[in-house]
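Following: one structure in structure tokens, then a few remarks.
The values are calculated or read from the model by the stated rules, or taken from the named source; none is laboratory data. Owing to the predicted nature of the structure, the values given are computational and were not obtained by experimental measurement. Glycine gets a Cβ as well: all are built from the backbone with ideal geometry, and neighbour counts include every protein chain shown.
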Amino acid sequence: MNGIIDRRVCAEIDGPFVLFLIGIRINRLWKPNSWLPTFMAMGPMIAELSRRPELGLLHNRTHFGFPATMLVQYWRSHEALQAFATSRDQLHLPAWQRFNQAVGSNGDVGIWHETYLVQPGQYESVYNNMPAWGLGRAGTLHDAVGPRARADGRRQVQLKTGE
């Protein structure tokens with residue numbers, strides 16, 4: 001049980017942050033020339049972001065499935081996410097341009113994302129008998145005791161520490 005935290009903990013991030021969900025859906029399995037390059041482009045982007053924490057990615061996790069795969073990402077700010085997405089010096093923009101040229105809106109492969117800007121006091125979490133996970137990997141873990149023992153208290157602590 002390596003890495004298991006055998007007590008209730010909660011996660012907090014200092015200040016606002018961004019929850020970014022991004023995914024790919026294979027619509028036409030028989031067309032790997034359309035979806036495989038799109039699927040394979042994400043790994044190098046994540047590796048780039050992992051090597052360069054100054055770009056703003058706090059944590060990410062991939063959830064593999066079929067026909068869709070999703071990445072959950074925590075970013076320091078919306079500005080950092082947008083800077084990565086639009087920079088000519090990072091891997092995303094060229095991959096996006098290749099996707100638009102090769103696939104565009106032909107229906108072979110779907111891509112999507114959702115962006116949530118999260119303020120202190122607008123989220124809460126609890127983990128029990130878990131390794132550091134999700135927000136707990138992106139932020140800081142605290143014992144879920146005292147004011148952090150209940151969901152509303154965890155939100156209130158964030159509001160007080162964010163002042």
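Annotations for the structure displayed:
- For segment 106-163, a residue qualifies if it is free of Cβ contacts under 8 Å to residues at least 40 places away in the same chain, at negative phi and assigned to a helix (DSSP H, G or I), and the qualifying residues are P147, A151, D152, G153, R155, Q156, L159, K160.
- Residues located in segment 41-75, provided they are among the β-branched types (V, I, T) and free of Cβ contacts under 8 Å to residues at least 40 places away in the same chain: I46, T62
- When the residues of segment 60-80 are filtered to those that are among the aromatic types (F, W, Y) and surrounded by 15 or more Cβ atoms within 10 Å (Cβ to Cβ), the one that is farthest from the chain's Cα centre (by Cα) is W75.
- Count of segment 11-41 residues which are over 22 Å from Q97 (Cα atoms) and in a helix (DSSP H, G or I): 0
- Lone unmet requirement of (1) touching a helix residue (DSSP H, G or I) at 6+ places or on another chain (Cβ under 7 Å); (2) crowded, with 18+ Cβ neighbours inside 10 Å for M42: (1)
- Any hit, segment 144-156, residues being more than 30 Å from N33 (Cα to Cα), exposed (fewer than 13 other Cβ atoms within 10 Å of the Cβ) and in contact with a strand residue (DSSP E or B) (Cβ under 8 Å, 6 or more places away or on another chain): yes
- Residue count, segment 81-105 (criterion: surrounded by fewer than 15 Cβ atoms within 10 Å (Cβ to Cβ) and not in a helix (DSSP H, G or I)): 5
- The residues on offer are L57, L49, and the sole one that is under 30 Å from K160 (Cα atoms), outside the structural domain of R137 (by TED's automatic domain parsing) and surrounded by 11 or more Cβ atoms within 10 Å (Cβ to Cβ) is L57.
- Lone unmet requirement of (1) farther than 21 Å from L19 by Cβ; (2) not in a helix (DSSP H, G or I) for P44: (2)
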